[in-house]
């Protein structure tokens, strides 16, 4: 039986197909997040035929874009693959398009000379970051970003469609009665994460070893890609990457360069961090000086926290034992909130890039885990991995530090929904119910 993954990005692909202002589409994302799979599903379901060209290690594709004569390119593809490419009926799919010279640039000419043809391309953010010899055709393509599977997508993959609907319904009284089941599924998600191959293994086998093998294979592909940089940069990228579990295990999760290497300075590692951000492998969350909308106006680039793209990969890199993650409450209580904060951020980004920052005073006497910009408002958010949910800092922040802003605080914890007036507590499993998916700002 073929494993079928339902992804919310599919509806964005439908919207692109039906748009009268459609341009060639580039689906962006880190390696292994499911780009190829979803575009093939899209082509097979929504078109009469799909023409798939993997540009990686493909001599035909390597020579295809010697010029940008689009009719010649189309004719060459038809002859090579014995197909007929027809406007409105065919999806032309270039996979790993960044691997061939001229591939990305050709999309500009597909837009200008044959815009009615449905053309899609997939490329890892990592690969596009490596191709410094190619410029991106800004204004001539549509782009969609794809991320690891969110918690509700994980529920769908596990055959829990009604539970998924319940989370998205934001019916907090209903979720109160489902609390134990949601906690169990969330515990599994912390361990498995949202990388499709790891989810497929878990859904098929319920075998922690199979999941860990999938995660190991994914991480090895990332390490191989690190090696494509210069020797000095490779070393620094790996140092930053390897330091992330320890950085997240700290009570104060502000990124400390000295934790990467003793005596390290920002200048030594800024390029490595930015490279990992551009590759989509880490999320960099900056501090803001004041919680006013729009938060970007108050961003402090010199103070930030770093999270991994996937909580399951954090579990692997942390060398947390499967039994500690899957049994009891250890996943929530033993790791100082590292998995919980990573999960919370992963949910927000995976739902459409909701802007997220954090706040702290220079003297570190007050810190707010996240400031979330949503629907024209700023919400101070605290994320608790336990049921011990005293929120002294959050209350001080709202009532004493910035009373004039009339901020409404949110807390996500292992408790069910509670309305305390100045603050609402939501169950950790209900992030997507509280912040419904949005288009990126």
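Read-outs throughout are calculated quantities, based only on the coordinates presented, and are distinct from any laboratory measurement. All values derive from a computational prediction rather than experimental measurement. Positions of Cβ are generated from backbone atoms using ideal geometry, with glycine treated the same way; all protein chains shown enter the neighbour counts.
Please give the FRET efficiency for residue 420 paired with residue 250, using the beta carbon to beta carbon distance and R0 = 35 Å, rounded to the nearest 0.05. It comes out at approximately 0.75.
Provide the packing ranking of 279-286, 294-301, i.e. peptides ordered by the mean count of other C-beta atoms within 10 Å per residue, highest first.
Values: 279-286: 20.5, 294-301: 13.8.
Ranked by mean Cβ neighbours within 10 Å, highest first: 279-286, 294-301.
Set against the 2.2 N^0.38 Å expectation for a compact globular protein, region 118-252 has a Cα radius of gyration ratio of 1.35. Geometric descriptor of region 9-145, per residue, is 99 Å³ (volume of the convex hull of the Cα atoms). Taken along the Cα-to-beta-carbon direction at a fixed 7 Å, the label points for residue 216 and residue 363 span 5.0 nm.
Here the contact order of the chain, divided by its residue count and restricted to Cα pairs under 8 Å and six or more residues apart, works out to 14 percent. Give the calculated FRET efficiency between residue 223 and residue 184 to the nearest 0.05, with a Förster radius of 41 Å applied to their Cβ-Cβ distance. So the FRET efficiency works out to roughly 0.80. Angle between the Cα long axis of helix 231-249 and the longest principal axis of the chain, 0 to 90 degrees, nearest 10? Result, in degrees: 40.
Against the longest principal axis of the chain, how steep is helix 70-81, in degrees 0 to 90 to the nearest 10, with axes from Cα atoms? Once rounded, one gets 90 degrees. If eta is 0.890 mPa s and T is 25 °C, what Stokes-Einstein diffusion coefficient results for the chain, Kirkwood Rh from Cα pairs, in µm²/s? Stokes-Einstein gives a translational diffusion coefficient of 106 µm²/s.
Placing a label point 7 Å from the Cα of residue 292 along the Cα-to-Cβ direction, the residues of region 381-417 with a backbone N closer than 16 Å are 401-407.
Modelled spin-label separation between residue 6 and residue 116, with each label point placed 7 Å from Cα along the Cα-to-Cβ direction: 3.6 nm. Modelled spin-label separation between residue 78 and residue 406, with each label point placed 7 Å from Cα along the Cα-to-Cβ direction: 6.4 nm.
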